[in-house]
Amino acid sequence: MDGNIYLYGTLTMTLLGAAFAIILVIVSRVFAVEVDPRVEKIEEVLPGANCGACGEAGCSSFASGVVEGRVPMDGCPVGGSKLIDMLAEIMGQTSAASTEERQVAHVLCNGTRENAVDLSNYEGIQTCIAAQNVGGGSKACPDGCLGLGDCVRVCQFNAAYMGDDGIPRFDPARCTGCGRCVEACPREIVHMTGVSRRTHIRCSARLPAKEVRKVCSVGCIGCRQCVKACPEEAIEMDGRLARMVYERCTHQNQCVPACPMNTIQYIPEEEWVNR
């Protein structure tokens, strides 16, 4: 009798399991959400960095957004025009490749160990954000590069590295313009410019001229000599600080020798390409 009970129990459980399995199969087919095959194709050609530079949570979300029409095909700054062409082909559309120039990162500060004055020896957590929040780090300039490499650490493309002088550098050949370094800098001195732009005002200090001279040997003193020297009006004053208007600059570079503080840097094309 006991044997029959066990047999009936086993048989019942088996039948119940089979019934539930059949129900699950039916339900999964009825409520299945069809995935557009174009989403998978787009994911295959994306860089796969999941950097979020497109404004989406990751590459998968970007792919879905393109197919749904809520994300533009040129929304991925990492992939560039080649990716846009591939997306257009997948979507069966004419390429929407942007004519805008590829953007790369620059540090608008030349406060190297030699040029900038240190107030103290910062020994806290070795990140720029920590130094900024705890007394502002070691630099005497309140707007200068802290030199602890937050922008370098967030770069997924090996385009950023710390120079021997304590200032981060960016390789234009590897920089994808994703902008993560810009977001990582607590002093907002990392900027994106067109890859062909090779003349830069390497200062972000907003101090009076007298104070600038005390904290950095190459800081902008707001003398306006560069503004007067530029025939293209490609330099404007932002308060006490001179700023490049990159779209006007034609690299005549009359501003470079006009600057008494050697704040303006021009990188020759051959050096820029080989950086």
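Below is a table of values for the structure above.
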{"quantity": "Residues located in segment 51-60, provided they are out of contact with any Phe, Trp or Tyr (no Cβ under 8 Å at 6 or more places or on another chain) and crowded, with 16+ Cβ neighbours inside 10 Å", "calculated": "Cys51, Gly52, Ala53, Cys59, Ser60"}
{"quantity": "Verdict on Ala116 being more than 23 Å from the chain's Cα centre (by Cα) and crowded, with 18+ Cβ neighbours inside 10 Å", "calculated": "yes"}
{"quantity": "Per-region count, segment 29-60, residues at pLDDT below 85 and of a type in the set (Lys, Arg)", "calculated": "1"}
{"quantity": "Flag if Gly149 is closer than 28 Å to Glu123 by Cα and either out of contact with any helix residue (DSSP H, G or I) (no Cβ under 9 Å at 6 or more places or on another chain) or not hydroxyl-bearing (Ser, Thr, Tyr) (or both)", "calculated": "yes"}
{"quantity": "Residue within segment 130-144 that is touching a residue at least 24 places away in the same chain (Cβ under 8 Å) and under 23 Å from Phe157 (Cβ atoms) present", "calculated": "no"}
{"quantity": "Residue within segment 141-149 that is closer than 21 Å to Glu247 by Cα and surrounded by fewer than 21 Cβ atoms within 10 Å (Cβ to Cβ) present", "calculated": "no"}
{"quantity": "Residue list for segment 111-149, restricted to those being closer than 20 Å to Gly219 by Cα, hydroxyl-bearing (Ser, Thr, Tyr) and modelled with pLDDT of 95 or more", "calculated": "Thr112"}
{"quantity": "Residue in segment 202-224 that is over 24 Å from Ala140 (Cα atoms) and surrounded by fewer than 21 Cβ atoms within 10 Å (Cβ to Cβ) present", "calculated": "no"}
{"quantity": "Of residues in segment 155-180 being touching a residue at least 12 places away in the same chain (Cβ under 8 Å) and within 22 Å of Tyr122 (Cα to Cα), the one surrounded by the fewest Cβ atoms within 10 Å (Cβ to Cβ)", "calculated": "Gly163"}
{"quantity": "Residues satisfying the stated conditions in segment 159-213, i.e. outside any loop (DSSP other than H, G, I, E, B), in contact with an Asp or Glu (Cβ under 8 Å, 6 or more places away or on another chain) and modelled with pLDDT under 95", "calculated": "Gly194"}
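The values are calculated or read from the model by the stated rules, or taken from the named source; none is laboratory data. Just so you know, these numbers come straight off a predicted model, no measurement behind them. As a convention, Cβ positions derive from the backbone with ideal geometry for all residues, glycine included, and neighbour counts pool all protein chains shown.
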